[in-house]
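No lab work stands behind these numbers, since they all come straight from the coordinates. Everything numeric here is computed off the predicted structure, so don't read it as measured data. We place every Cβ from the backbone using ideal geometry, glycine too, and count neighbours over all the protein chains shown.
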Amino acid sequence: MMLLLIILGLIIVLTAVFIGIYNKLIRFRNTVKSSWSDIDVQLKKRYDLVPNLVETVKGYAAHEKTVFEKVTVARSMAMQSTSPADKAKAENILGETLKSLFAVAEAYPELKANANFMQLQTQLQELENNIEYARRYYNAVVRDYNIMIESVPSNIVASMFKFKQEEFFELGEPEVERKPVKVSFP
């Protein structure tokens, strides 16, 4: 009788642990999805801002047609990408084309003094900061989720219910970011 109670108690404890782990995995997975949605919202705001920037610069530098076309194509590619890896690649391309757009703007002092352009530039900087914050949060959540999927005993529950690891959202080329900074004194 005592052995039966011990076995029954052990089954109840194991079931409670199993349910707790499963619920925690579900909570992590939903947090990953939610945090990816936050990044997506910020990126969409940036995508909406880009045409306004292009139009403002066009008013001053209409002959820079190839730059405008590159920005438009890069924006379209970024909007169509879905996975974190594809989105990161497209975002890097868009970021480079936006740099070329701002390089064009540098050549036009009256454009740099334009209040609308200044406001758009400020909005873009705020969005970039928001995107970085959302990306850091997303990557932290993905890290915790992936650790849970790989850790014992939660890896058993994760494999039983086919929980898969999530991708990090990393902008920029890691090889470039990891290179040491060169410092030279005249």
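About the Cα centre of segment 30-186, how large is the charge dipole given +1 on each Lys and Arg Cβ and -1 on each Asp and Glu Cβ? Please answer in debye to the nearest 20.
120
In nm², what is the average projected area of the convex hull enclosing the Cα atoms of the chain?
The Cα convex hull of the chain, projected and averaged over all directions, gives 15.9 nm².
Identify, among Val157, Val141, Val54, the residue whose Cα sits farthest towards the positive end of the charge dipole of the chain, taking +1 on the Cβ of Lys and Arg and -1 on the Cβ of Asp and Glu, with the dipole about the Cα centre.
Farthest towards the positive pole: Val157.
Modelling each spin label as a point 7 Å along the Cα-to-Cβ direction, I'd like the Val13/Tyr137 distance in nm, to one decimal.
A separation of 3.9 nm, rounded to one decimal place.
Please report the Cα spread of segment 26-108 along all three principal axes, rounded to whole Å, starting with the longest.
53, 18, 18
Which one, Met118, Trp36, Ala105, is farthest towards the positive end of the dipole of the chain when Lys and Arg carry +1 and Asp and Glu -1 on their Cβ?
About the Cα centre, the residue reaching furthest to the positive side is Trp36.
Can you give the extra length, in nm with one decimal, that the chain gains between Ser81 and Glu150 once fully stretched, where that is 0.36 nm per residue apart less the Cα-Cα distance?
The Ser81-Glu150 span can extend by a further 22.0 nm.
Can you name the helices of the chain, as whole DSSP H runs, whose Cα span along the helix axis is 27 Å or more and whose Kyte-Doolittle mean is not below -1.0?
Sorted by number, the helices that extend far enough and score high enough are 2-60, 84-106, 115-150.
Quick check on my link table: of Lys70/Lys99; Lys24/Lys164; Lys24/Lys162; Lys33/Lys164; Lys33/Lys70, which ones sit more than 21 Å apart, alpha carbon to alpha carbon?
Lys33/Lys70
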